[in-house]
Amino acid sequence: MTDRPILFGDETRIRRLHETLAGARFESVRYVQSRIAGYGSAQNAKCEQVDFDLLLRLSTGSFSVTWSRDDLIEGLHFGDQISTYESPDLVTVDGGDEWSRYYGRVITGVAFGWFDSSGTGPRSLWSIRATTDRGQSVVIALGELDSASRPTYHPDSLVVIFDESQARQYVVTDTSGSAWGSEYM
């Protein structure tokens, strides 16, 4: 598995990501964080920041969602293992309290958001939305939180958005829509 961002034209990786998520049940979520950045403990908000990896344990296995770059192309990477960042500052913490309402729920819908980070193509994956059998949605996207805890674009961290209106309002340059994304076809 490559550690490069997932590109719009990479049908194999897109299909694998969709097949991994659709029909799986959420079991647990952990974040690989930087103590120095101030996220060394769980957050409890409608929008959370993840410095490095979001570790997702599903009924189908354990996976990592992280940010990735390939020259000027920025995007999300989905893999079977966590990335290997070298720093004694890193800690792994449980996802915030908002995640507890997702545990045990089945993912019934998956949506992707695409953008052109370089301005010259290709488009890469910048957001993923998972919707559960109870109609709850969570979005994982490139970004960070501003001083008012709103998502803003940053290619070297992730935001987790539990609020639909925030996800729909979060738009970055050269996107084909908001972080809410479009249903997988």
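The values are calculated or read from the model by the stated rules, or taken from the named source; none is laboratory data. Given the structure is predicted, the values throughout are model-derived calculations rather than measurements. Virtual Cβ from ideal backbone geometry, glycine too; neighbours counted across all protein chains shown.
With respect to the stated conditions, ARG57 is of a type outside the set (Asp, Glu), surrounded by fewer than 20 Cβ atoms within 10 Å (Cβ to Cβ), in a strand (DSSP E or B) and at pLDDT 90 or above.
Give all pairs with beta carbons closer than 6 Å in which a residue from region 117-134 that is touching a residue at least 40 places away in the same chain (Cβ under 8 Å) and over 30 Å from TYR103 (Cα atoms) meets a residue that is of a type outside the set (Gly, Ala, Ser) and not in a loop (DSSP other than H, G, I, E, B); count only pairs at least 6 apart in sequence or on separate chains. What qualifies is SER117/ILE73; SER117/GLU74; SER118/ILE73; PRO122/LEU7; ARG123/TRP114. Anything in region 122-139 that is more than 15 Å from the chain's Cα centre (by Cα) and either acidic (Asp, Glu) or surrounded by 14 or more Cβ atoms within 10 Å (Cβ to Cβ) (or both)? List them, or say none. Within region 122-139, PRO122, ARG123, THR132, ASP133, GLN136 meet the criteria.
Quick one: in region 151-185, which of the residues that are among the hydroxyl-bearing types (Ser, Thr, Tyr) and at pLDDT 90 or above is surrounded by the most Cβ atoms within 10 Å (Cβ to Cβ)? Residue satisfying both the conditions and the ranking: TYR170. One residue alone among ALA148, ALA111 is crowded, with 18+ Cβ neighbours inside 10 Å, hydrophobic (A, V, I, L, M, F, W, C) and not in a helix (DSSP H, G or I), and that residue is ALA111. Just checking, does region 78-86 include any residue being surrounded by 16 or more Cβ atoms within 10 Å (Cβ to Cβ), of a type in the set (A, V, I, L, M), at pLDDT below 90 and outside any strand (DSSP E or B)? Yes: one or more hits.
Within region 97-108, the set of residues being assigned to a helix (DSSP H, G or I) and exposed (fewer than 14 other Cβ atoms within 10 Å of the Cβ) comprises ASP97, SER100. Looking at this structure, is SER68 more than 29 Å from SER147 (Cα to Cα), modelled with pLDDT under 95 and in a strand (DSSP E or B)? Criteria not met by SER68. Does GLU98 qualify as being among the charged types (D, E, K, R) and at pLDDT 90 or above? In short, yes.
Put simply, of SER165, SER178 the only residue that is outside any strand (DSSP E or B) and either in contact (Cβ under 8 Å) with a residue 40 or more places away in the chain or touching a His at 6+ places or on another chain (Cβ under 7 Å) (or both) is SER178.
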